[in-house]
Amino acid sequence: MEGTKKRAVYKKEPVYSFKELLKMVDLKYSNNVAYKYKKEVTSKNPEYIEKTYHQYTKDVKALSTSLLELKYGGKKVALIGNNRYEWCVTYMAVTTGNMVIVPIDKALPDNEIENLITRSGAEVVFFDKKYNDVMLKLKKDNSNKVNTLISMDDEEISGMEKYSELLKNGYTLLENGSNKYEEIKPEAEKMSILLFTSGTTSTPKGVMLSQKNICSNLSDFSSWVKIYPKDTLLSFLPIHHTFECTITFLYGMYSGATVAFCDGLKHIQKNMQEYGVSILVAVPLVLETMYKKIQKGIREQGKEKLIEKVTKISNCLLKCHMDLRRKLFKQILDNFGGKLRVVLYGAAPMNKDTIIGFNNIGIDLIQGYGLTETSPVVAAETDKEKRPGSVGLAFDDLQVKISNQDKEGVGEIFVKGPSVMLRVLQ
């Protein structure tokens, strides 16, 4: 609430632009694995690809140099596809080159994709092969500004360019002395991200966000919840959305942690095991499904009374500052890879019994509240202050108040601060 005292748990380490963020991680975490994924998801013996932060930084610089050489500086670049390495490189290459990224929801029907890209004024589009037809149609349509199509799957189709060739060209330009990228000075307070809301109640609106907005949110979150360089996050929520983009992708990077890309919603548990996932960014539906599986397994083994007894003992020990949860419930935790320690969640309320159940076995659930317009987190529980069902405390840098409250305290939430959007696209 407005006027509350400072509640930060950790010392804040602010960053002010994406270019500064990228330089910081290359300096501090150069050899850390930034991304892990399978070369071919459907293969029975998949090849695992690992990219370090140094490699990622080099790829970002090369791709951005290539786009700048093509004179797209200051232009809008749309991006649509699965959670993947190329998506992350493109997002950062565009924004650190002072272009505007327009992330598009991959689940939208073709006509909505066409509409949003047209409304955005994007001239370049990066995309998965799933969208080949809609992109070729867009390019032929004179009612939009699209003139360059770039396939992240390197499709050999007339009218499209290949991501890999653009990247290769960027490296060649750098080798030949191009300094276009280094000459770019961050414009952190200008629009850098144009993100369309879901439009559940009306036409999707374009939220204009700056790098200052996002970086402020990252800095605030870093003083609330700690992610460590040794952590691994599983990326499975839609990456175009601010929750997944800011927390998994950008805060994962800020922390020097590893982001592993999920094979699909049906493979979450398997991926958690094979990648040794320790941090999960999720929504209540996913967590409630996971908890139901845990309970089902306990029932099938006839261990309800045993688990109830051990839980009581464990909770008593916790009061004496003896945390044996991960040892006592190791068999259950091993079903999720054995390393999961924290789940960050939001977007909807969750059953308190589920929250308590996860905490009982040694997995801390941290809930937050936010929206696209605030980059996105407004309030969250901290590593030290949690209460089942609460969305936690408002960040220190934000002023939050509830206006026009009814008798039950329900009203309109007002937020003021550095993470609040610039304005809405008309």
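Taken together, the values in this text are just the output of simple stated rules run on the coordinates, not laboratory data. Quick caveat, the model's predicted, so the values are computed rather than measured. Counting neighbours? That spans all protein chains shown, and the Cβs are built from the backbone with ideal geometry, glycine included.
Structure data summary
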{"quantity": "Unit charges at the beta carbon, dipole of the chain: most positive-side option, 82, 194, 314", "calculated": "314"}
{"quantity": "Full-extension gain in nm, residue 425 to residue 47, via 0.36 nm per residue minus C-alpha separation", "calculated": "131.8 nm"}
{"quantity": "Rel. contact order, % - alpha carbon contacts under 8 angstrom, at least six apart, region 293-426", "calculated": "15 percent"}
{"quantity": "Inter-centroid distance (Cα atoms) of region 279-320 relative to region 153-232, Å", "calculated": "39 Å"}
{"quantity": "Chain lengthening between residue 299 and residue 12 when straightened (0.36 nm per residue, less Cα-Cα)", "calculated": "98.9 nm"}
{"quantity": "Restricting region 125-219 to GluC sites (Glu not before Pro) in coil, as DSSP defines it, with at most 11 other Cβ within 10 Å", "calculated": "156"}
{"quantity": "Ranking of 19, 327, 190, 319 by count of other Cβ atoms within 10 Å, fewest first", "calculated": "319, 327, 190, 19"}
{"quantity": "For region 31-185: Kirkwood Rh in Å [reciprocal of mean 1/r, alpha carbons]", "calculated": "16.1 Å"}
{"quantity": "Candidate aspartates and glutamates - alpha carbon under 15 Å from residue 36, same-chain residues fewer than 8 apart omitted", "calculated": "47, 50, 86, 231, 263, 274"}
{"quantity": "Range in the chain, longest, excluding exposed chymotrypsin sites (Phe, Trp or Tyr not before Pro) [loop by DSSP; at most 15 other beta-carbon atoms within 10 Å]", "calculated": "17-426"}
{"quantity": "Translational D in µm²/s for region 204-270 (Stokes-Einstein at 25 °C, 0.890 mPa s, Kirkwood Rh from C-alpha pairs)", "calculated": "189 µm²/s"}
{"quantity": "Student exercise, the chain dipole from Lys, Arg, Asp, Glu Cβ charges, in Debye to nearest 20", "calculated": "1400 debye"}
{"quantity": "Distance between modelled label sites at residue 107 and residue 285, nm, 7 Å Cα→Cβ extension", "calculated": "0.6 nm"}
{"quantity": "GluC sites (Glu not before Pro) restricted to DSSP loop in region 1-52 with at most 15 other C-beta within 10 Å", "calculated": "2, 40, 47"}
{"quantity": "Neighbour-count ranking [beta-carbon atoms within 10 angstrom, fewest first] of 223, 30, 143, 216", "calculated": "143, 30, 223, 216"}
{"quantity": "Given [x] 74, 58, 42; [y] 74, 61, 41; [z] 67, 58, 42, the label whose value is Cα extents along the principal axes in Å derived from this model", "calculated": "[z]"}
